[in-house]
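FYI, it's all coordinate maths here, none of it is from the lab. As the structure is a prediction and not an experimental result, all values here were calculated from the model. Ideal geometry is used to build each Cβ from the backbone, glycine not excepted, and the neighbour counts take in all protein chains shown.
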Amino acid sequence: MLIEAKDIAVALGGKPVLRGIDLTLRTGELVGLIGPNGAGKTTLLRVIANLLPHAGAVLYDREPAKAIGHKALARRIAFLAQGGAVHWQMRAEAVVALGRLPHRRPLGEMTAADQDAIARAMLATDAASFRDRTLDSLSGGERMRVLLARALAVEAEMLLADEPLAGLDPRHQLEAMTLLRRVAASGAGVVVVLHDLTLAGRFCDRLVLLDQGRILADGPPDAVLGDDHLSQAFGISVARGRRDGEDFVLPWHSLNDKETAR
Amino acid sequence: MSAALDTPAALAPIAYWRLVLLLALATLAMAAVSLAIGYARLDLWAALADWLAGRQTLPALVLAELRLPRAVLGALVGFSLGMAGAAMQGLLRNPLAEPGILGISSAAAFGAVVVFYSGFAGAFALALPLGGIAGAMLAVLLLYGFIGRGAGTMTLILAGVAINSFAGAMTSLALNLAPNPYAALEIVFWLMGSLADRSLVHVWLVLPLMLLGWALLLSCAPALDGLTLGEDTARSLGFDLTWLRARLIGGAALSVGSAVAVTGAIGFVGLVVPHLLRPLIGHRPGRLLLVSGFGGAILTLAADTALRLLPIRPELKLGVVTALIGAPFLFSLIHRLRQEA
């Protein structure tokens, strides 16, 4: 699948949130969407997922969403919302099963293919061991893995994930990023909103840096995570290092803060 | 892989349909009990035989004119209230959403009272349920306008208080302006909610409207499951939320509006029943609809049968009894939600 966003603009409550965004997304690529709070990352992800009215055009394989239809697009694009609210205390497996709703026929029950997809998704996120527990009995990290499994269970061509690492401990953050990279390697496209620049630089094939509703940089992590970009967008300087033949960055100083910027 | 993760019982459709069947049978059984119990002794089989043969005997008349409408309406009204409660809870993602608490029932009652007054009720039979439906529709639209998306418990209850008091004030105004005190008294008693002294005409009047309402609500089952994860996720799963809201609002107004129009306001059924049954279907809002419908029918029939067995005369009104059971239940539910928050 090829998603092309052209000249996207969004205003929420009269305030411009996104302006002049041009973005192309392909399958097989793990794209990290980074930027400071309020830069418009979530808004852009929702526009790409066809969840928000906007100016400009988003084309899915050169077709607008209207021509494809709600249900068909839902089978091709999976969306993992920020925050992970679950309003009823369903069992973990029942939550994951919600990912199969776009595949369900009216009045149809779950098929063996649905069951397999659910099982695969839960194994992939290491969530199978608590499939029978209710969501309120899980830790924040376990909960997030169930919700990630829900999105994977759609088995869509494109996975859009808004801060899937929130609330995960370091090991599960690493495992989640490894998993997303594996999803991309298997041929799907993944766009993930991240706050951790180190993980973004290490795992993503490509980074898109948003600042004040515009794309400040778009390209390979090395090019996007330059000092000038980071100081302009985040107001920080970073420490750089090298491990296992890979460069990494570590947020080090806030440029506003006299204490740390010494 | 699927051997390692075999289907557990709670996900299996068979267990769900077994529960539905069980509740349906229990509803039939409860309706039979309701038929058998009354102020006069009745040989049910003889009455049934007379009625079916078209013989105008006293037992046949008691069955057809008194017992049968009461049992059938009890089941229909209870089913409507139970299912509408489950549907509103699913839409608003809040276990306290219920037609009575949200003011839908009292708005429907106001709609029906307006029809009483204007004299339309005499002009054509459907006017009364249509008045109730219009009132219910107005309340749900108002409610949705009030709280928009993802309402917190507090907003929800406050919106209900506002709608309830407005509908109550308008109804009181109508009573205040009543042409004679007897008309006012008649309306006050009707407002309390009762299944007594209804006829099969009432059943035929509301049945099609209720069936349409139920069908609309049931068609929302998968989308209500999807809404568990919030509106964005539901839309990303391919559900058109505008269309979903229209169906839910229309379905709730049709079923609750016509129920209130023939029996008056019967509260709390839609609160108590979904809450009790939710654990049995794994908290899935879509599956709660049908199950709550039957549960509502059982509870309403049971309450209506119980009040005929109570040695209290004049007979207690059904709406009074359900409120006496439901209000403490609401207290305990709020208490528990506060502790969880």
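Of the residues B:E98, A:E109, the one with the fewest other Cβ atoms within 10 Å heads the list, and the complete ranking is A:E109, B:E98. Total lysine pairs in the protein assembly as shown at Cα distances under 24 Å, for residues eight or more apart or on different chains: 6.
Between 0 and 90 degrees, the angle of helix A:140-153 with respect to the longest Cα principal axis of chain A falls at about 70 degrees.
Under a model in which nothing but the beta-carbon of Lys, Arg (+1) and Asp, Glu (-1) is charged, segment A:39-151 shows a dipole of about 300 debye around its Cα centre. Length gained on full extension, B:W243 to B:R338, computed as 0.36 nm times the residue gap minus the Cα-Cα distance: 30.9 nm. Computed from Cα positions, the angle between helix B:127-147 and the longest principal axis of chain B comes to roughly 30 degrees.
Just check the protein assembly as shown against the gyration tensor rule for me: Cα atoms, a ≥ b ≥ c as the square roots of the eigenvalues, rounded for a/c under 1.5, and otherwise prolate or oblate depending on whether a/b exceeds b/c. The shape class here is prolate. In this label model, B:A215 and A:D247 are separated by 6.6 nm, measuring between points 7 Å along each Cα→Cβ vector. With neighbours defined as other Cβ atoms within 10 Å of a residue's Cβ, the residues B:W51, B:W243 order from fewest to most as B:W243, B:W51. Sequence-distant contacts, meaning Cα pairs under 8 Å at least 6 residues apart, place the relative contact order of segment B:13-340 at 31 percent. Using C-alpha pairs under 8 Å with a sequence gap of at least 6, the mean separation divided by the residue count of chain A gives a relative contact order of 24 percent. Going by the alpha-carbon gyration tensor, a ≥ b ≥ c the square roots of its eigenvalues, is segment B:289-341 rounded (a/c under 1.5) or, if a/c is not under 1.5, prolate (a/b greater than b/c) versus oblate? Oblate, because a/c is 1.5 or more while a/b does not exceed b/c. Identify the residues of segment B:74-112 with backbone N under 13 Å of a label point that sits 7 angstrom from the Cα of B:L173 along the Cα-to-Cβ direction, or state none. Within reach of a label on B:L173, which here means backbone N under 13 Å from a point 7 Å along Cα→Cβ, segment B:74-112 contributes B:110-111.
Rounded to the nearest 10 degrees, the angle from helix A:170-185 to the longest Cα principal axis of chain A is 70 degrees. Between A:L2 and A:A65, the distance separating the two model label sites (each 7 Å from Cα on the Cα→Cβ line) works out to 2.1 nm.
Fully extending the segment from A:S137 to A:D257, taken as 0.36 nm per residue of separation minus the present Cα-Cα distance, adds 39.2 nm. Checking the a/c ratio against 1.5 first, then a/b against b/c, what shape does the Cα gyration tensor give for segment A:127-245? Prolate is the answer for segment A:127-245, as a/c is 1.5 or above and a/b outweighs b/c. Under the simplified labelling scheme, the B:L58-B:L200 pair shows an inter-label distance of 2.1 nm, with each label point 7 Å from Cα along Cα→Cβ. Segment B:91-135: which chymotrypsin sites (Phe, Trp or Tyr not before Pro) are DSSP loop and have at most 13 other beta-carbon atoms within 10 angstrom? Qualifying residues, ordered by number: B:F124.
Projecting the Cα atoms of B:L61, B:T228, B:P279 onto the charge dipole of chain B (Cβ charges, centred on the Cα centre) puts B:P279 farthest toward the positive pole. Ranked by how many other Cβ atoms sit within 10 Å of their own Cβ, fewest first, the residues B:S236, B:S80 fall in the order B:S236, B:S80. The simple Förster model, with R0 at 35 Å and r as the Cβ-Cβ distance, assigns B:F189 and B:A162 a FRET efficiency of 0.85.
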